[in-house]
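Below is one structure; the comments refer to it alone.
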Amino acid sequence: MVKLKPVLQIVFYYSVGLFYVSILGVLATIKTLITLGPRKTFFCQRRDRRPDVLDDPLLGEHKFARMKKGDQNKPLMLFVHGFPEFWYSWRHQMSEFSDTHRCVAVDMRGYNESDKPIGVENYALDLMAADIKELVEYLGHDKCTLVSHDWGGLVANCVAETYPEIVQTLITCNGPNGRAMMKVLHKSLAQFLKSWYVFAFQWPMFAEYLIRLGDLTAFDGNFTSNKEDVLAYKHAFRDYGDLEGPVNYYRALGRYMLPDAPEKVHVRSLIIWGTADAALDIQIPEATREYFDDLTIEYVDGGSHWIQNEKPKEVNQLIRQFISAKKED
C-alpha cells in the first residue's frame, strides 16, 4: 500500500512549484530580455578553458575532484559546499586553516568533477551522508571537523545524526538541520516564501533554464567577489547537464522523507549565521537547539546567505575560536 503522507507531500511540492514556475519564470525571462536582449538571454558561451584561479597552488592539490591542503598527519577538516557551489567556495577557509589541519574541500555528488549519477533516487540525503563517511575513511582518518554551508549543512547534519562517531566537531554556516528546517517551514510564512525555489525546482528543466538564463547571470555578483571568481563558477556549471545533479538534491528532498535521526545529537556543534539570509529564516538556528545537546550559535550582523565568501575574516575567526576552545578544555 502506498503511504499517503509522502504522496501528499509530493503533490503539494509540485502544486506550489507550478505556481512559482508560471509567475517567476515569465518575469525572469522578461527582465533578462529587457536587460540583455534576445540573443544574450538565450545564449551561453562555451567555457572549455579552465580558469587559472582553480589551479592556484595556495589552495593545494587537486585530485579526484577534491582540493587538499595541509599535512596528512594533521587532524582532518572537511568542507561540504551548498547549492549552487563547488569546492572553490571554501578557498578562504582552506588557506586559513591549513596551518593546523589537513583541509579537504569536496565536490559533492553530482557537482563539477565528481561523479554525476543519473536519477533523482541517487540524491537522497542518506546516500550523500554515506558519501562523506566513506570519504573520511578513504582519507585515512577516524574523525573530522565537518564544516558545511547551505545544502552541505543538511548533509553534514545528517552525517552527525547517522555517523556521530566520525564527527569530532560540526560547524554549519547558514545551513539547516533537516528537522529544524521542516519545523520552521511548517509554521513560518516567511520561510515558506523564502523557499519558493525548493518548490519550483521540482519541475523538470525549470531550474536549469532559470540559472542558465542570460549566460549564467545568476553567478554575476551574487556570491562571488570578483571577475575571476565569476569565471570559476561559470566554468563549473558551463554545460546544461552540470545542473541536473545539483537540482536533483531538491527533487529528492521533495520525494523522500528525512532519514531517521536520534532524539539528540551528541556532537559538539557551532552554527554561524548571517542575519540577512534571503533563503533561510533566522528562526532556524534556535529551532536547531532542540536536537543538539552541545550547540553554540554565533550571529554575523548583516551577513548574507553566502557568509563564508562574503565575510571570510569573521567566519574564520569564529571557527578558530570554537576549535581552539575545545583544545583548551
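Considering (1) under 19 Å from the mean Cα position of the chain (by Cα); (2) closer than 21 Å to R320 by Cα, the lone condition that T100 does not fulfil carries the number (1). Per the conditions (1) more than 21 Å from E208 (Cα to Cα); (2) modelled with pLDDT under 95; (3) surrounded by fewer than 19 Cβ atoms within 10 Å (Cβ to Cβ); (4) out of contact with any helix residue (DSSP H, G or I) (no Cβ under 8 Å at 6 or more places or on another chain), the sole criterion not satisfied by E113 is (1).
Taken across the stretch 264-274, residues that are buried (at least 22 other Cβ atoms within 10 Å of the Cβ), in a helix (DSSP H, G or I) and touching a residue at least 12 places away in the same chain (Cβ under 8 Å) do not occur at all. Quick check on I282: is it aliphatic (A, V, I, L, M) and touching a residue at least 24 places away in the same chain (Cβ under 8 Å)? So I282 fails the test.
Please verify whether the stretch 171-184 includes one or more residues that are outside any helix (DSSP H, G or I), at positive phi and crowded, with 24+ Cβ neighbours inside 10 Å. Give the derivation first.
Here is the first cut: in the stretch 171-184, the ones outside any helix (DSSP H, G or I) are 171-177.
Subsequent filtering for residues that are at positive phi retains 174.
Subsequent filtering for residues that are crowded, with 24+ Cβ neighbours inside 10 Å retains 174.
Yes.
Looking only at helices (runs of 4 or more DSSP H) that lie completely in the stretch 276-329, which have at least 1 residues being touching an Asp or Glu at 6+ places or on another chain (Cβ under 6 Å) and at pLDDT 95 or above? Lay out the reasoning, then the answer.
Details: elements: 283-288, 307-310, 312-328.
Helices (runs of 4 or more DSSP H) meeting the threshold: 312-328.
Evaluating P259 against the criteria (1) at pLDDT 80 or above; (2) in contact with a Ser or Thr (Cβ under 7 Å, 6 or more places away or on another chain) leaves one unmet condition, (1). Take D242 and decide whether it is modelled with pLDDT of 95 or more and either part of a helix (DSSP H, G or I) or touching a helix residue (DSSP H, G or I) at 6+ places or on another chain (Cβ under 7 Å) (or both). Considered against the rule, which asks whether it is modelled with pLDDT of 95 or more and either part of a helix (DSSP H, G or I) or touching a helix residue (DSSP H, G or I) at 6+ places or on another chain (Cβ under 7 Å) (or both), D242 comes out as no.
The values are calculated or read from the model by the stated rules, or taken from the named source; none is laboratory data. All values derive from a computational prediction rather than experimental measurement. As a convention, Cβ positions derive from the backbone with ideal geometry for all residues, glycine included, and neighbour counts pool all protein chains shown.
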